[in-house]
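The values are calculated or read from the model by the stated rules, or taken from the named source; none is laboratory data. Since this is a predicted model, take the numbers as computed values, not measurements. So basically every Cβ, Gly included, is an ideal-geometry build from the backbone, and we count neighbours across all protein chains shown. Remember, those area values only see protein heavy atoms, side chains included, never the ligands or the DNA or RNA. Shrake-Rupley method; radii C 1.70, N 1.55, O 1.52, S 1.80 Å.
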Amino acid sequence: AILCLFVLVGCGEPTGPSDDPEDPPVDEITMEDYFNELKDYLNDEIPTEVKENIELPLDYEYEDGSYATMTWASSNGKTISSKGKYRENLFDENITLTATINISDEEGNEENFTYEKVVETKGSQDLEAYKKIIL
């Protein structure tokens, strides 16, 4: 009976180091990581050459439930408004679109960022059409 007791005790959980590999540490996502993902998205969504109205995103949701909201401004609101409305001009022009971004993670942390993209608008170069506009 004593021999059976030693055998049963010996079959318990090992108390020494485990052969199982440890779980790798989970990399914590930073607000900068969220912003970089959003920058990539905006760079893809907003064209570099504009000839018509463009859609400026107002929000973005991340896979983990975090989200971002954006408010836009334009360096020349007459040619491209802060809502993305385009009005043709006579000459080509570079316009800076600026987004003020608020990112909120799933834990309730918030941080603000600024994103800028320069877009080129193509002018009509049509002097007769331009004269009709200004007259």
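Pairs are defined by a Cβ separation below 8 Å, a sequence spacing of at least 6 or placement on different chains, a first member in the stretch 90-108 that is under 13 Å from TYR60 (Cα atoms), and a second member that is assigned to a loop (DSSP other than H, G, I, E, B) and open to solvent by 30 Å² or more (accessible area, probe 1.4 Å); the pairs so defined are ASP105/ILE29; ASP105/ASP64.
Counting residues that are modelled with pLDDT of 95 or more and open to solvent by less than 50 Å² (accessible area, probe 1.4 Å), which strands (runs of 3 or more DSSP E) fully inside the stretch 20-105 reach at least 2?
Hits in the stretch 20-105: 67-74, 93-104.
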